[in-house]
Amino acid sequence: MPTLLADAGTGSGDPDLGLLKAVNGLAADAPGWLDSLVAWTAEYGILFGLAALGLAGWLLARRRPDAPVAVAGVLWAPLAVAIAELANLPISRLVNRPRPFVSHPELDVLVPGKEDTLSFVSDHSAMSMGIAVALFLVNRRLGLAAGALALLQGFCRLFVGVHYPTDVIGGYALATAVVLLLAPIAMAVLVPLCHALSRTALRPLVVARSAGAADGRPAAPAGRRSGRRRGHDGPPRGRDRDRDRDRESDLAA
């Protein structure tokens with residue numbers, strides 16, 4: 001099948017190949033331990049970091065007043081990534097772009113075993129940006145942190161020599177489109193689901209215990225509880241003073 005996307009390697013002035021070689025060239029001058037660290041980070045490390053941010057997003061979402069809605073938003077993140085990965089299967093076969101080191105053996109490849117896989121779009125970049133965009137819709141701080149990891153992921157994929165810059169950009173675009181375009185449909189399904197789960201034994205997965213009473217109603221304000229407690233425990237202070245005066249009069253008599 002012909003390659004739809006240009007090889008990015010025939011022209012010496014191609015910015016796609018030029019940027020790849022500039023970033024990958026850093027690997028040649030870096031110590032071996034740094035190359036190994038970046039290779040592990042590019043393959044696994046950033047994904048572990050994104051998973052930790054997703055877990056933090058879930059824990060924080062459970063404590064929000066709109067916990068079922070927030071948890072539904074966090075749940076959309078991995079589902080959106082799965083949809084983006086499925087969408088990439090026909091896209092990668094249609095584009096049919098080989099890995100950059102296949103046409104350019106001079107590249108320093110730090111992650112072996114990818115010779116028979118396709119380059120466009122970058123799966124790792126799509127997964128990273130999908131998590132980042134979905135988390136940003138629920139928690140901006142976590143979303144920005146995930147976005148920084150997604151950008152680092154793109155840099156690492158160039159550093160290890162397994163993707164062109166346009167592969168990374170394509171992954172970002174695919175994931176962003178899936179998250180934003182399908183979010184209304186996904187939330188229309190996930191929000192009622194999370195509301196339903198909050199009324200079952202699985203409620204702790206959706207709503208933290210401190211977010212409301214066990215019956216789903218918010219706890220009474222502290223001031224109101226303390227006011228009722230004072231009224232129940234004893235009479236008002238004015239009655240106490242009158243009673244003390246009566247006792248003093250009886251003793252004096």
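The values are calculated or read from the model by the stated rules, or taken from the named source; none is laboratory data. Just so we're clear, the structure is a prediction, and the values are computed from it rather than from any experiment. Neighbour counts are summed over all protein chains in view; Cβ atoms, including those assigned to glycine, are modelled from backbone coordinates with ideal geometry. For accessibility, only protein heavy atoms count, side chains too; no ligands or nucleic acids. Shrake-Rupley method; radii C 1.70, N 1.55, O 1.52, S 1.80 Å.
The table that follows gives values for the structure above.
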{"quantity": "F120 being open to solvent by 30 Å² or more (accessible area, probe 1.4 Å), modelled with pLDDT under 95 and aromatic (F, W, Y)", "calculated": "yes"}
{"quantity": "Subset of segment 114-141 (residues that are under 15 Å from R157 (Cβ atoms), in a loop (DSSP other than H, G, I, E, B) and not aliphatic (A, V, I, L, M))", "calculated": "K114, T117, S119, F120, S122"}
{"quantity": "Enumeration of residues in segment 85-96 that are in contact with a strand residue (DSSP E or B) (Cβ under 9 Å, 6 or more places away or on another chain), surrounded by fewer than 17 Cβ atoms within 10 Å (Cβ to Cβ) and either over 19 Å from P165 (Cα atoms) or not charged (D, E, K, R) (or both)", "calculated": "N96"}
{"quantity": "Evaluation of P65 against (1) modelled with pLDDT of 95 or more; (2) open to solvent by 60 Å² or more (accessible area, probe 1.4 Å); (3) more than 23 Å from F159 (Cβ to Cβ); (4) more than 10 Å from the chain's Cα centre (by Cα) (one fails), failing number", "calculated": "(1)"}
{"quantity": "Residues of segment 97-113 classified as assigned to a helix (DSSP H, G or I) and open to solvent by 40 Å² or more (accessible area, probe 1.4 Å), total", "calculated": "2"}
{"quantity": "Selection from segment 70-84 of residues that are over 13 Å from A188 (Cα atoms) and either open to solvent by 50 Å² or more (accessible area, probe 1.4 Å) or without any contact (Cβ under 8 Å) to a residue 24 or more places away in the chain (or both)", "calculated": "P78, L79, A82, I83"}
{"quantity": "Identity of the residue in segment 146-178, assigned to a loop (DSSP other than H, G, I, E, B) and not hydrophobic (A, V, I, L, M, F, W, C), that ends up surrounded by the fewest Cβ atoms within 10 Å (Cβ to Cβ)", "calculated": "G161"}
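Rundown of residues vs (1) in contact with a Lys or Arg (Cβ under 9 Å, 6 or more places away or on another chain); (2) among the hydroxyl-bearing types (S, T, Y); (3) modelled with pLDDT under 95; (4) under 30 Å from D14 (Cα atoms), yes/no style:
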| position | (1), (2), (3), (4) |
| --- | --- |
| V162 | yes, no, yes, yes |
| Y172 | no, yes, no, yes |
| A183 | no, no, no, no |
| P192 | no, no, no, no |
| G212 | no, no, yes, no |
| D215 | no, no, yes, no |
| A222 | no, no, yes, no |
| R243 | no, no, yes, no |
